[in-house]
Amino acid sequence: MASRALTLRGHTARQLRGLCNAVGLSDSSAVTALLAELLGSATDHRLSGPPPWSTHIADDHTPVEYSVSFEDKKAPTLRVMVETIAPVPGIGTNTAAAEQLLSSLAVRFGLCLDRFDRIRDLFLNNPRGRFGLWFSAIFRPGSPPRFKAYFDPEAAGPDMAPALVSEALSRLGLHQAYALVADHALRRAGQDRLSFFSLDLHRDAASRVKVYVSHDDAGVRSALLAAAAVPSANPDLVRAFCALLGEGISVFGGRPLISSYTFTEANAAAPATYSLYLPIRAFVPDDQTARDRVRALLDRHGIDRSVFDRALAEVSDRELRDGVGLIPHVALRTGTVRPGITVYLSAEAYSTTPARARFDQLAHA
């Protein structure tokens, strides 16, 4: 439980030190300093007051979310997702603060912004959606951090999302990508919608462009149809993932399933990876149930669960039965580029969602 006397910097620094230790990162001070910088004016915000901005990154409006990514025979990866908060918060001012920070990061970390600059005007000139620009920072043992930029496809309004994403993909040389996404994932009018667009801020053969699609009131069939766009995706893994994490759920209502497609220069004609994000917090009564299901998932994939257990304990010491949302969602990646599992963890700086007493409440979560 976060101390109300802490600042957001103090709260997240404690969590990050523990997370770095859990995944084997030796220089936690550099990680915590970078997060403080990414948070902008929110970093010194005291937790005794309300959140400085109604960010959509977390349910309690904390402008940061953690995740630990597991890949076969590789060290786990720590990631943080952040919305930079301006001194006078707002979509426009937060976006301006994030862009100013990006210029500094590009110099210090040798980021390549040519692709960012090609699509910037589509999303950031006058953003009117949920956000303008988010970042994720990715930390691997022995490597400098890597960065990723996220854009809102609905920056110019929901009706313009298809045109914006299609144009962005074309400008990035992925001319066939939008039709493939639309044919497989945007099949149900009013229920399937473009939710995020992202790109890596480095340039090498593995540099990615990702398109995310939300599926409201969807069952596993929607996920399987979306996954079919990726020839190397394993439908059996998708079925098992949904069955295990969504035990007893046939239609995932309340919060959407989210599909994403990973495109690289080497795989311009077809996505290299399909990912499915399941909002587990909407389909469990409490975080103890979520933890147990994640453990079972990791066991099924042959992943050592001890890293997950340590990471969960470092983020929060509250009783898992007392709340729901500490584990907000879980992702399955299947395909040729970094297949594996990612588990997301909430900072819970401002509040905890109470546990639910009955299973039948889940349909309305």
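No lab work stands behind these numbers, since they all come straight from the coordinates. This structure is a prediction, so every number in the text was calculated from the model and none was measured. Virtual Cβ from ideal backbone geometry, glycine too; neighbours counted across all protein chains shown.
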Label-point separation (nm) for residue 108 and residue 44, each offset 7 Å from Cα along Cα-to-Cβ? 1.7
Taking only the alpha-carbon atoms of the chain, the convex hull volume per residue, in cubic angstrom, is 123
Region 254-348: GluC sites (Glu not before Pro) falling in loop per DSSP and having at most 13 other Cβ within 10 Å: 319
Simple spin-label estimate for residue 317/residue 56, 7 Å along Cα→Cβ, in nm, reads 3.6
Cβ-defined net charge surrounding residue 179, 14 Å radius [Lys, Arg +1; Asp, Glu -1]: -1
Once both labels are modelled 7 Å past Cα along the beta-carbon direction, what's the residue 357-residue 247 spacing in nm? 2.2
Computed E for residue 143/residue 175 - FRET, C-beta separation, R0 51 angstrom, nearest 0.05: 0.95
FRET efficiency (residue 205, residue 309; Cβ distance; R0 30 Å; to 0.05) is 0.30
For residue 27 and residue 228, compute 0.36 nm times the residue count separating them, minus their Cα-Cα distance, and round to one decimal in nm. 68.3 nm
Counting Lys +1, Arg +1, Asp -1, Glu -1, what net charge surrounds residue 139 among other residues with beta carbon under 10 Å of its beta carbon? +2
Restricting to DSSP H runs of at least four residues, report the calculated mean residue ellipticity at 222 nm for the chain, -39500 (n - 2.57) per run over all residues, nearest 500 deg cm²/dmol. -10000 deg cm²/dmol
Packing-ranked peptide list from 350-357, 257-264, highest mean Cβ count within 10 angstrom first, is 257-264, 350-357
In the neighborhood of residue 216, defined by Cβ-to-Cβ distances under 12 Å, what is the net charge if each Lys or Arg adds +1 and each Asp or Glu adds -1? +1
One finds, for residue 301 and residue 88 with R0 = 51 angstrom and r their Cβ-Cβ distance, a FRET efficiency to the nearest 0.05 of 0.65
Given 270-281, 299-310, the highest-first ranking by average Cβ count within 10 Å works out to 270-281, 299-310
At the level of C-alpha centres, the distance separating region 185-256 and region 57-80, in angstrom, is 18
